[in-house]
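**Student:** Please see the structure below; I have some questions.
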Amino acid sequence: MQEYIEAFTNAFLGTTQWTWKSMLFQVPWQTNYFWALIVISILVWGLEILFPWRKQQSIFRRDFWLDGFYMFFNFFVFAIVISGFYKVLAIFLGELGITAKSLALIDFSTWPVWAQLLVFFIILDFVQWITHILLHKIPFLWRFHQVHHSVKEMGFAAHLRYHWMENILYKPLKTFGVMLLGGFEPEQAYIVHFAAIAIGHLNHANIKLTYGPLKYIFNNPVMHLYHHSYVLPKGSYGVNFGISLSLWDYIFKTNYVPENSGTIPLGYPGDEAMPKSFLKQLIYGFRKNKD
């Protein structure tokens, strides 16, 4: 028990210290996710201001500040809170003989760096695509995912507006994906992570981008807007589940973009029941809703 307590404490304090050092520019730039998030957010927001798709939408759109707070809460505050639990879990699994090496399907440590990053990016995105479908298809998980879909005006910060329970589901599955790839991230994995942040921000931004023929590979704002549509195709529990890649939606026939005006209503039936405050949204989903 003492080992678990020490591991929990060290992980919690270590993550807190690392985040603080990141804010003070005391960590290598490639691992400074705090300022990377800020820089990427400012750049994408600047594109929204210069080239707005929905011109009637305010620069400080509805829930702009709430979504901005969610960005830092989910990316940093919750990561600090949960870090100790994941460290304890790793020790527990290790004692059971479950390690990264025991689960590894591919040892790609000797591959060229570009190949490592490409496989890492594709595998993690596919795992997240599957997880995203589960969030829509399983009623219990959908109640938490409704926080993300309660966005009524789309903007870059909506990317990281989601219930903290989604972290509980996404993080272990992403970690499992890494374990299958030999149990480690490529040394330059920050390139993949930064790219994922940028793509996610752009997908939620008030910008009209489709990337031409590359729309069949990369997710884009036009495609993702229909993922947030209030009205879905009859009998569907969702469309366009892609995170960074649209490829999976086209392969598995979950793609749907009937037009590109950008003026469709967003949300879901019953979204008026979603609390407006951050604190109330934190506990939202733990009781079954009438809808």
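The values are calculated or read from the model by the stated rules, or taken from the named source; none is laboratory data. Values in this document were obtained by computation on a predicted structure and should not be read as measured data. Cβ sites come from the backbone with ideal geometry, for glycine too, and all protein chains shown count toward neighbours.
**Student:** So, in the range 104-127, how many residues would count as being within 30 Å of N240 (Cα to Cα) and free of Cβ contacts under 8 Å to residues at least 24 places away in the same chain?
**Tutor:** Number satisfying all stated conditions: 3.
**Student:** If I go through the range 200-240 residue by residue, how many of them are under 12 Å from G262 (Cα atoms) and small (G, A, S)?
**Tutor:** 2
**Student:** For the range 181-291, list the helices (runs of 4 or more DSSP H) that sit wholly inside it and hold at least 1 residues that are surrounded by fewer than 19 Cβ atoms within 10 Å (Cβ to Cβ) and on the phi < 0 side of the Ramachandran plot; which are they?
**Tutor:** Counting at least 1 such residues, we get 189-204, 247-251, 278-282.
**Student:** Also, I was wondering about something else. List every residue pair whose Cβ atoms sit under 6 Å apart, with the two residues 6 or more apart in sequence or on different chains, where the first one lies in the range 60-77 and is in contact (Cβ under 8 Å) with a residue 12 or more places away in the chain and the second, anywhere, is among the small types (G, A, S) and part of a helix (DSSP H, G or I).
**Tutor:** D67/A157; D67/A158; G68/A157; M71/A157
Residue by residue, here is whether (1) touching a Lys or Arg at 6+ places or on another chain (Cβ under 8 Å); (2) under 22 Å from A189 (Cβ atoms); (3) β-branched (V, I, T) holds:
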{"site": "T9", "(1), (2), (3)": "no, no, yes"}
{"site": "L13", "(1), (2), (3)": "no, no, no"}
{"site": "W35", "(1), (2), (3)": "no, yes, no"}
{"site": "V77", "(1), (2), (3)": "no, no, yes"}
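**Student:** To continue, here is another question. Which of the residues spanning the range 135-163 are part of a helix (DSSP H, G or I) and farther than 17 Å from L232 by Cα?
**Tutor:** If the condition is that a residue be part of a helix (DSSP H, G or I) and farther than 17 Å from L232 by Cα, then F140, L141, R143, F144, V147, F156, A157, A158, H159, L160 are the ones that fit.
**Student:** Scan the range 223-235 for residues that are in contact (Cβ under 8 Å) with a residue 12 or more places away in the chain and small (G, A, S) and jot them down.
**Tutor:** Correct list: S229 only.
**Student:** Hey, does the range 155-175 have a residue that's among the basic types (K, R), surrounded by 15 or more Cβ atoms within 10 Å (Cβ to Cβ), modelled with pLDDT of 70 or more and in contact with a His (Cβ under 8 Å, 6 or more places away or on another chain)?
**Tutor:** Scanning the range 155-175, I find at least one residue that is among the basic types (K, R), surrounded by 15 or more Cβ atoms within 10 Å (Cβ to Cβ), modelled with pLDDT of 70 or more and in contact with a His (Cβ under 8 Å, 6 or more places away or on another chain), so the answer is yes.
**Student:** All but one of (1) aromatic (F, W, Y); (2) modelled with pLDDT of 95 or more; (3) assigned to a loop (DSSP other than H, G, I, E, B) hold for F69; which doesn't?
**Tutor:** So F69 meets the others, but not (3).
**Student:** Ok, one more. Tell me which residues, restricted to the range 9-68, are of a type outside the set (S, T, N, Q) and touching an Asp or Glu at 6+ places or on another chain (Cβ under 9 Å). Give the steps one after another, and end with the answer.
**Tutor:** Narrowing the range 9-68 to residues of a type outside the set (S, T, N, Q): 11-14, 18, 20-21, 23-25, 27-29, 33-40, 42-55, 59-68.
Those that are of a type outside the set (S, T, N, Q) and touching an Asp or Glu at 6+ places or on another chain (Cβ under 9 Å): R54, I59, R61, R62, D63, F64.
**Student:** With the checklist (1) modelled with pLDDT of 95 or more; (2) surrounded by fewer than 17 Cβ atoms within 10 Å (Cβ to Cβ); (3) more than 21 Å from M223 (Cα to Cα) in hand, flag the one item V77 doesn't pass.
**Tutor:** For V77, the failing item is (1).
**Student:** Continuing with the same structure: Being part of a helix (DSSP H, G or I), among the polar types (S, T, N, Q) and more than 30 Å from R287 (Cβ to Cβ) is the filter here; which residues of the range 106-134 pass it?
**Tutor:** The answer is Q116, and nothing else.
**Student:** Pick from the range 1-36 the residues that are more than 21 Å from F78 (Cβ to Cβ) and among the polar types (S, T, N, Q): which of them is surrounded by the most Cβ atoms within 10 Å (Cβ to Cβ)?
**Tutor:** If we take residues in the range 1-36 being more than 21 Å from F78 (Cβ to Cβ) and among the polar types (S, T, N, Q), then Q30 is surrounded by the most Cβ atoms within 10 Å (Cβ to Cβ).
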